[in-house]
Amino acid sequence: MQPWTVLYLAALSILTVFLVLVGWEFVIEDVIGWHLAAGGGDESTHERWEGIVTATIACVVFWTFAGPVLFRIIAERNRAERRLREAIDTLDQNVKIRTVELENEITRRTRSEHALRRLASIVETSADAITAMTLDGIITS
């Protein structure tokens with residue numbers, strides 16, 4: 001797993017826990033104040049309490065079900081990136097090997113063409129008769 005991924009998920013978890021704790025602190029203050037006021041309390045206290053409880057439950061449910069899925073997705077993405085880097089490295093290596101092979105082939109062909117030109121030049125400028133024949137004795141040139 002990438003270091004930034006771990007840091008991101010840790011920061012997100014810490015932020016979630018912080019928000020839940022801060023929210024619960026307000027709820028506890030309101031509930032204590034509500035009990036001290038002999039059970040009286042206004043509607044906003046109940047709404048705030050319900051909102052905080054709902055947010056807490058949502059966070060717990062999210063991290064219970066979505067957390068493992070997120071970690072699996074991130075792990076699979078990291079594995080895919082690693083396989084891609086390995087494939088690119090292998091491809092680069094194969095390209096280097098093939099480039100060397102092609103350079104060697106070009107060098108051999110260039111030498112052969114040069115040798116053929118020299119031979120053709122010798123044949124053209126020779127004062128003696130030069131013939132070419134097959135193994136059967138047939139003269140071809």
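Residues in the stretch 57-113 that are under 15 Å from the mean Cα position of the chain (by Cα) and of a type in the set (Gly, Ala, Ser): ALA75, ALA80, ALA87.
Out of curiosity, is ARG98 closer than 30 Å to SER13 by Cα and either free of Cβ contacts under 8 Å to residues at least 60 places away in the same chain or of a type outside the set (Val, Ile, Thr) (or both)? The answer is no for ARG98.
In the stretch 71-93, the residues that are closer than 21 Å to ALA10 by Cβ reach residues that are hydroxyl-bearing (Ser, Thr, Tyr) with C-beta atoms within less than 7 angstrom, at least six apart or across chains, in these pairs: ILE74/THR5. In the condition set (1) in a loop (DSSP other than H, G, I, E, B); (2) at pLDDT 75 or above, GLY39 is compliant with all but (2).
The values are calculated or read from the model by the stated rules, or taken from the named source; none is laboratory data. Note that the coordinates shown come from a computational prediction; the quantities given were computed from them, not determined experimentally. No Cβ is skipped: glycine too gets one built from the backbone with ideal geometry, and neighbour counts run over all protein chains shown.
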